[in-house]
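The values are calculated or read from the model by the stated rules, or taken from the named source; none is laboratory data. Treat the numbers as computed from the prediction; the structure is a model and nothing was measured. Neighbour counts run over all protein chains shown; Cβ positions are idealised from the backbone, glycine included.
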Amino acid sequence: MAQRLLIMGPQGVGKGTQAALLSKHYGIPAISTGDIFRYNLKNGTELGKQAKAYTDKGELVPDELTNKIVKDRLGMDDAAQGWILDGYPRSASQVEALDKMLKELDTPLTAVVALDADHDVLMQRIAKRAKEEGRADDTPEAIAKRLDIYAKETAPLLDIYKSRGLLVAVDGQGEVDQICKEIITKLDER
């Protein structure tokens, strides 16, 4: 069965790490909106220039730009047998846009993996990542702003997926491999 997964959680919870491990396990692409935006920023594309105006202020890129990228990406050949979407949806309007995309592509969602961790742990992880990767968008102020936006706008989306019977909640604290095993076990039990 094709796995079409969302991986959700606050910044620094390990979504990208777990998406990469799940991608390898299931043989499907991990699609990170953050990576797509960073690629466009680094290469100075038109989308990158538009996105930079927001990320420089620690703000999230608007839905219109994000929705277009996601739909195009999910329609690519390597995503035909499944995918893991990281960083999307992050708002109720994006949930609606994703529902419409998936219906048009005839690719229903399999599950939503929700990772969580304590606020202090998240702040430490993001600060470490900023230092290791030299990510200018990971200033303490920008981090705090994004965590606040997540709590207000994105966390409530988990209730939507829970009501649809798609939510798989996993503690994002602990050993990376153990967290991955727990995710796979819960997905395989569905």
So how many residues does the range 147-190 have that are over 20 Å from Lys128 (Cβ atoms), of a type in the set (Gly, Ala, Ser) and surrounded by 12 or more Cβ atoms within 10 Å (Cβ to Cβ)?
3
Considering only the range 46-61, how many residues are farther than 20 Å from Gly12 by Cβ and at pLDDT below 80?
1
Taking Tyr54 as the residue in question, decide whether it is within 19 Å of Lys145 (Cβ to Cβ) and not acidic (Asp, Glu).
yes
Being part of a strand (DSSP E or B) and closer than 23 Å to Ala155 by Cβ is true for just one of Leu65, Leu85. Which residue is that?
Leu85
Is it the case that some residue within the range 134-146 is free of Cβ contacts under 8 Å to residues at least 60 places away in the same chain, within 28 Å of Ile184 (Cα to Cα) and surrounded by 12 or more Cβ atoms within 10 Å (Cβ to Cβ)?
no
Picking from Asp106, Asp99, Asp116, Asp137, which residue would you name as being within 17 Å of Leu60 (Cβ to Cβ) and acidic (Asp, Glu)?
Asp137
Please give the number of the condition Leu109 fails out of (1) touching a strand residue (DSSP E or B) at 6+ places or on another chain (Cβ under 6 Å); (2) crowded, with 18+ Cβ neighbours inside 10 Å.
(2)
Tell me, which residue of the range 88-118 that is polar (S, T, N, Q) and assigned to a loop (DSSP other than H, G, I, E, B) is modelled with the lowest pLDDT?
Ser91
Report yes if Gln124 is under 12 Å from Val13 (Cα atoms), outside any helix (DSSP H, G or I) and either over 16 Å from the mean Cα position of the chain (by Cα) or acidic (Asp, Glu) (or both), otherwise no.
no
Out of the range 135-165, which residues are at pLDDT 90 or above, part of a loop (DSSP other than H, G, I, E, B) and closer than 18 Å to Tyr88 by Cα?
Pro156, Arg164
For the range 166-176, which positions are within 19 Å of the chain's Cα centre (by Cα) and either free of Cβ contacts under 8 Å to residues at least 24 places away in the same chain or outside any helix (DSSP H, G or I) (or both)?
Leu166, Leu167, Val168, Ala169, Val170, Asp171, Gly172, Gln173
I'd like to check something: does the range 85-106 contain any residue that is over 30 Å from Ser163 (Cβ atoms) and either touching a residue at least 24 places away in the same chain (Cβ under 8 Å) or surrounded by fewer than 19 Cβ atoms within 10 Å (Cβ to Cβ) (or both)?
no
Please determine whether any residue of the range 30-53 is out of contact with any Leu (no Cβ under 6 Å at 6 or more places or on another chain), part of a loop (DSSP other than H, G, I, E, B), touching a residue at least 24 places away in the same chain (Cβ under 8 Å) and at negative phi.
no
